[in-house]
Amino acid sequence: MRAEQLEALLAEVAAGRLPPQAALDRLRHLPFEDLTFARVDHHRALRQGHPEVVFCEGKTPEQVVSICERLAAMTGSFLGTRCSERHAAAVREAFPKAVWTPLARTIHLSPEGTAEPSTDAGTILVVSAGTSDLPVAEEAAVVAEVFGHRVERLADVGVAGIHRLFASGEALQEADVIIVVAGMEGALPSVIGGLVAAPVIAVPTSVGYGASFGGLAALLGMLNSCAAGVTVVNIDNGFGAAAAASRICRR
């Protein structure tokens, strides 16, 4: 349940338009709902500002659908990450309006009447070093959009051709938060961190040859950045970067 939903519910009770028992029925599943295989955290939006997000990988399509059904019943929306084609097919059969983004491996259902992000929601710029990094970058971008922010994208501007980055200096300076996604040696966040005043969230990817060790080289490179203001999330964790960027913007 989102904060505005709870506030509206309490206003209905205070105005006498809704009996307390009816309100209690709506709140019955707070703080969580036990589905035996999952305990759906309906209280998370009140605590953290965003509802629980479904990590689809490792779950059966039926389990994902069941969790999404309970989230939709409470908030009218849901978001799933690491969503495979099998997961997406099952969810879209239950929710034809759900949007699946294959590149990002996300699926989401927006509440009815969702408005465009306001200017005070902040702009998050998602930068990817190479085209091979786009799946992780797009996960970050889609999640940030679902969380209600304006998102700009800047693709294939890695250090192998750094002049491509310098051609987009205006976008870098206008962003409130910048998510930088890079594999190989993970150098791009340091470059951008040395150019901007905005917080930079670095995302190492598992893209690279053998000595990249599945993204470990990029992770260590980013952790050792000499540019101030660069923070790092886990390998391939576009979702985590978007969640952090959203909290920064909402503050």
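Out of Val196, Val180, one residue alone is free of Cβ contacts under 8 Å to residues at least 60 places away in the same chain and buried (at least 24 other Cβ atoms within 10 Å of the Cβ). It is Val180. For segment 31-39, the criterion of a residue being at pLDDT 70 or above, under 25 Å from the mean Cα position of the chain (by Cα), within 23 Å of Phe147 (Cα to Cα) and assigned to a helix (DSSP H, G or I) is satisfied by no position. Screening Thr123 with (1) among the β-branched types (Val, Ile, Thr); (2) at pLDDT 95 or above; (3) under 21 Å from Val203 (Cα atoms) gives one miss only, at (2).
A single entry from Thr106, Thr131 fulfils the requirement of being in contact with an Asp or Glu (Cβ under 7 Å, 6 or more places away or on another chain) and either farther than 27 Å from Gln173 by Cβ or acidic (Asp, Glu) (or both): Thr106.
If you go through segment 85-95 and keep only what is surrounded by 17 or more Cβ atoms within 10 Å (Cβ to Cβ), within 23 Å of Ala141 (Cβ to Cβ) and of a type outside the set (Val, Ile, Thr), you end up with His87, Ala88, Phe95.
Go through segment 199-232 and give me each residue that's surrounded by fewer than 22 Cβ atoms within 10 Å (Cβ to Cβ), under 20 Å from the mean Cα position of the chain (by Cα) and without any contact (Cβ under 8 Å) to a residue 40 or more places away in the chain. Ser206, Thr231, listed by residue number. Contact map, segment 78-100: first residue in contact (Cβ under 8 Å) with a residue 40 or more places away in the chain, second residue polar (S, T, N, Q) and crowded, with 24+ Cβ neighbours inside 10 Å, Cβ cut-off under 8 Å, separation 6 or more or different chains; pairs are Leu79/Thr106; Thr81/Thr106.
Look at segment 46-70: where a residue is surrounded by fewer than 19 Cβ atoms within 10 Å (Cβ to Cβ) and a partner is in a helix (DSSP H, G or I) and of a type in the set (Phe, Trp, Tyr), sitting 6+ places away or on another chain with Cβ atoms under 9 Å, you get Phe55/Phe239.
The values are calculated or read from the model by the stated rules, or taken from the named source; none is laboratory data. If you're wondering where the values come from, they're calculated on a predicted model, not measured in any experiment. All Cβ positions, even for glycine, are placed from backbone atoms using ideal geometry, and neighbour counts span all protein chains on display.
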